[in-house]
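Data block below; observations after.
The values are calculated or read from the model by the stated rules, or taken from the named source; none is laboratory data. What you see is a predicted model; the values in this text were computed from it and never measured. No Cβ is skipped: glycine too gets one built from the backbone with ideal geometry, and neighbour counts run over all protein chains shown.
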Amino acid sequence: MLLIGNGPVITRDEKNPFLPGGCVAIDGSLIKEVGNTSEMKEKYEGSRFVDARGNIIMPGFINAHMHFYSTFSRGMPSKYAPAQNFAEVLDRLWWKLDKALTLEAVYYSAITALIDSVKNGCTTLIDHHASPMSVAGSLFEIERAAREAGVRASLCYEVSDRDGVDIMKQGVKENIDFIDHAAKSKDDLIAGMFGLHASVTLSDETLSFCREAMDGRDAGYHVHVAEGPSDEEDSEAKYKKRIVERFREFGITGNKSLFIHCIHLNERELDVVRETNTAVVHNPESNMGNAVGCAPLLKLFETGILTGLGTDGYVSDMLQSYKMANALQKHHNKHPNVAWGEIPTMLFENNAKICERCFKTPLGKLRAGYSGDVIVSDYNPPTRLSDENINGHLLFGAEGCSVVTTVASGKVLMQDRVLSELDEHAIFARAREVSERVWEAV
Ligand SMILES: [Zn+2]
């Protein structure tokens with residue numbers, strides 16, 4: 001048994017939302033009980049006790065859309081003329097970087113992003129991967145990194161036509177191999193999805209090929225949808241239909257699928273997303289950085305679409321994405337009082353609901369039977385803190401790096417900012433060597 005106690009506990013469990021001097025007891029990988037610290041210490045005498053020393057105890061964060069491989073873009077010198085639009089961002093940055101990735105680079109870009117995530121209190125991630133010159137085995141390298149980091153991860157490979165039929169088929173095979181492999185994993189720490197880049201790089205023939213390959217498998221698709229306006233323009237020009245209509249015809253919609261961004265959907269497309277129970281993930285910082293527009297978040301909620309929050313590889317800190325999403329909606333809607341409810345709902349409720357679609361273990365609450373994913377934040381509130389105003393404290397006060405202790409599936413991954421199982425400095429030093437070679441090849 002593991003006890004994490006002696007601090008205010010925010011459970012996100014409506015039946016028992018806040019315990020001022022609380023404690024979480026974890027048996028194996030699952031939460032056994034949440035209660036008063038002294039009572040729990042007595043009841044579970046002899047258990048390992050992690051002392052929060054008055055700091056805030058919360059469920060671990062979930063990142064619903066990530067690109068681990070983007071880590072090696074950090075600080076990369078650019079050899080190409082500055083991009084003038086989103087298509088050029090893809091062409092001059094991401095499609096040069098991903099081609100330069102070896103399997104070793106895939107592993108090191110993932111493990112460093114995962115360490116960053118653990119240090120920001122993130123215990124579950126849904127990743128979308130591309131390495132066209134090193135497709136076979138890439139998801140298995142990322143799985144190795146995720147298992148070493150100790151977090152739960154859903155992985156997929158980004159199928160696209162941009163590098164020819166052979167690499168497209170390798171991507172399909174990698175997805176299927178990994179989906180089948182993950183389906184057999186007993187610990188529920190790994191899941192597979194079928195990754196697709198975006199409508200603009202996927203022909204009808206490719207989508208049919210993907211669909212046939214997915215036959216009989218209980219997994220969804222993870223795809224960028226209408227990120228830039230040119231994605232919709234391309235679909236209308238080539239196929240005489242909108243992206244969501246097109247994807248529905250190929251069976252890509254559905255309650256296991258994730259549509260990322262959805263910035264430029266029209267009313268009809270929003271209705272189809274809801275009717276098919278497809279989930280959407282919003283990535284505010286990436287959208288702002290790529291100047292692709294602002295997702296119609298209020299409309300997504302109004303329509304009844306399950307919408308979560310991701311970082312799109314921009315950062316590993318969910319609280320940064322949370323703050324950005326809040327400011328962006330107010331700015332975009334030219335109203336200082338919108339989206340107070342929607343933003344925390346995305347991060348603290350909907351990301352867990354999205355994960356329920358790919359994992360069996362319930363996540364996102366400190367409640368008996370839920371995954372033992374617990375973080376301690378040393379954010380020191382200058383005003384009264386409770387379950388009723390915690391979202392405001394997190395929005396305006398705490399940061400990802402306020403997290404001092406991260407526990408995932410009952411394993412202490414970081415305590416007092418020190419990683420328990422990994423030699424962070426050695427891994428980052430090696431990553432700098434590996435990334436240097438990637439930069440040379442870009
Ligand atoms: Zn993305």
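A quick yes/no check of all residues on (1) part of a helix (DSSP H, G or I); (2) over 30 Å from Thr307 (Cβ atoms); (3) within 16 Å of the ligand (Cβ to nearest atom); (4) out of contact with any Leu (no Cβ under 6 Å at 6 or more places or on another chain):
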residue	(1), (2), (3), (4)
Glu14	no, no, no, yes
Gly21	no, yes, no, yes
Val24	no, no, no, no
Glu42	yes, yes, no, yes
Phe49	no, yes, no, no
Ser70	yes, no, yes, yes
Val89	yes, no, yes, yes
Ser109	yes, no, yes, yes
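With respect to being at pLDDT 95 or above and either outside the structural domain of Phe140 (by TED's automatic domain parsing) or farther than 24 Å from Pro132 by Cβ (or both), Leu202 falls outside the description. When each of Pro296, Pro344, Pro336 is tested for being closer than 22 Å to Asp13 by Cα, away from the ligand (no atom under 16 Å from the Cβ) and either surrounded by fewer than 23 Cβ atoms within 10 Å (Cβ to Cβ) or free of Cβ contacts under 8 Å to residues at least 40 places away in the same chain (or both), the lone residue that passes is Pro344. Within region 115-157, being within 30 Å of Glu399 (Cβ to Cβ), within 16 Å of the ligand (Cβ to nearest atom) and assigned to a loop (DSSP other than H, G, I, E, B) holds for His128, Ala130, Cys156. Does Asp163 satisfy the condition of being at negative phi, more than 16 Å from the ligand (Cβ to nearest atom), in the same structural domain as Val135 (by TED's automatic domain parsing) and out of contact with any helix residue (DSSP H, G or I) (no Cβ under 9 Å at 6 or more places or on another chain)? When the stated conditions are applied, Asp163 does not pass them.
Inside region 404-425, residues that are over 17 Å from Gly364 (Cβ atoms) and in contact with a Leu (Cβ under 8 Å, 6 or more places away or on another chain) make up a count of 5.
Considering Leu394, Leu347, Leu422, which residue is more than 26 Å from Arg74 (Cα to Cα) and outside any strand (DSSP E or B)? Walk me through it before giving the result.
Numbers: Leu347 fails: more than 26 Å from Arg74 (Cα to Cα); Leu422 fails: more than 26 Å from Arg74 (Cα to Cα).
When all the criteria are applied, what remains is Leu394.
A residue that is at negative phi, in a helix (DSSP H, G or I), crowded, with 20+ Cβ neighbours inside 10 Å and within 16 Å of the ligand (Cβ to nearest atom) occurs nowhere in region 272-283. Screening the candidates Gly251, Gly304, Gly310 for the property of being within 13 Å of the ligand (Cβ to nearest atom), in the same structural domain as Thr124 (by TED's automatic domain parsing) and either under 19 Å from Leu395 (Cα atoms) or out of contact with any strand residue (DSSP E or B) (no Cβ under 8 Å at 6 or more places or on another chain) (or both) yields one hit, Gly310. Does Pro77 qualify as being closer than 17 Å to Ser117 by Cβ and more than 15 Å from the ligand (Cβ to nearest atom)? It is false that Pro77 is closer than 17 Å to Ser117 by Cβ and more than 15 Å from the ligand (Cβ to nearest atom). Is region 208-221 home to any residue that is over 22 Å from the mean Cα position of the chain (by Cα), in a helix (DSSP H, G or I), crowded, with 19+ Cβ neighbours inside 10 Å and within 16 Å of the ligand (Cβ to nearest atom)? Taking every residue of region 208-221 in turn, none turns out to be over 22 Å from the mean Cα position of the chain (by Cα), in a helix (DSSP H, G or I), crowded, with 19+ Cβ neighbours inside 10 Å and within 16 Å of the ligand (Cβ to nearest atom).
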